[in-house]
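Notes for the one structure printed next.
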Amino acid sequence: MVFWSLIEKAAKPADDIARLLVRGLTDICWEIRREGSIKVEIIKKKQQDAVAKSQGYTRADYERERRAAERTSTPRDEDDEPSMFRKKGSEPVEKKQEVTISPLAQVYLHDDGTIEGCYRRIAVLEFRRSALLREVERRNQIVARDADRAAADIVDAEFKEVED
C-alpha cells in the first residue's frame, strides 16, 4: 500500500480512471521488482548448489573422468604427450592447468531454463508497463485537448460585444 500511495502522490491522478491507470502501473512495477528478486534468489541457490557440488568432487571422480578422457583422446606417443605437439625426443610440453569457472558461470552454463524464464517474465512485464505508460500519455493528451476545447467553447459562449 505504501508503494502505491507514493506513486499516486507523485503522479497526482486527476480522476478515477487516471487513478486506476496509476494503480495498474504500480502493480506492474511491483511485479517487476518481485520477479527480479526471485531471479536473484534462484541464482544464489544455484550458486550454492554449484559450490557444494564442486566441494563434494572427490579424487575418485577426477580419476574416473581422466580415464574416460584418455579413452576418447588423441593417440599418445611413448612419452605420453600428444604427438602433434612435439617431436619424439624433444622436451615435454607442460600441461595446462584446467581452467575453473566461477559458481555464477556454472549456474548460467547449467541453467535448466528457470533463469531464462525469469528474464522472459520480466520482459513481458516491461512490455505491459510500456503499453500502460503509452495509454496514460494518450489519455493525458485527450484530456488536455478536451480541456482546451471546453475552455475555448466557454470563452466563445461568454464573450459578447457590449452595446453602448
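The values are calculated or read from the model by the stated rules, or taken from the named source; none is laboratory data. None of the values given here were measured: they were computed from a predicted structure. Heads up, the Cβs are rebuilt from the backbone with ideal geometry, glycines too, and the neighbour counts pull from every protein chain shown.
Scanning the range 113-153 for residues that are polar (S, T, N, Q) and either touching a Pro at 6+ places or on another chain (Cβ under 6 Å) or modelled with pLDDT under 85 (or both) yields a single hit, 140. Scan the range 97-139 for residues that are part of a helix (DSSP H, G or I) and in contact with a helix residue (DSSP H, G or I) (Cβ under 8 Å, 6 or more places away or on another chain) and the total you get is 20.
The residues of the range 8-35 that are without any contact (Cβ under 8 Å) to a residue 60 or more places away in the chain and of a type in the set (Gly, Ala, Ser), listed by number, are 10, 11. Assess whether residue 63 counts as being modelled with pLDDT of 65 or more, out of contact with any helix residue (DSSP H, G or I) (no Cβ under 7 Å at 6 or more places or on another chain) and either of a type in the set (Val, Ile, Thr) or on the phi < 0 side of the Ramachandran plot (or both). Here the answer is yes, as residue 63 does meet what is asked. Starting from residues that are surrounded by 14 or more Cβ atoms within 10 Å (Cβ to Cβ) and among the aromatic types (Phe, Trp, Tyr), keep the ones in the range 1-56 and report whichever is nearest to the chain's Cα centre (by Cα). Per the stated criteria, the residue is 30.
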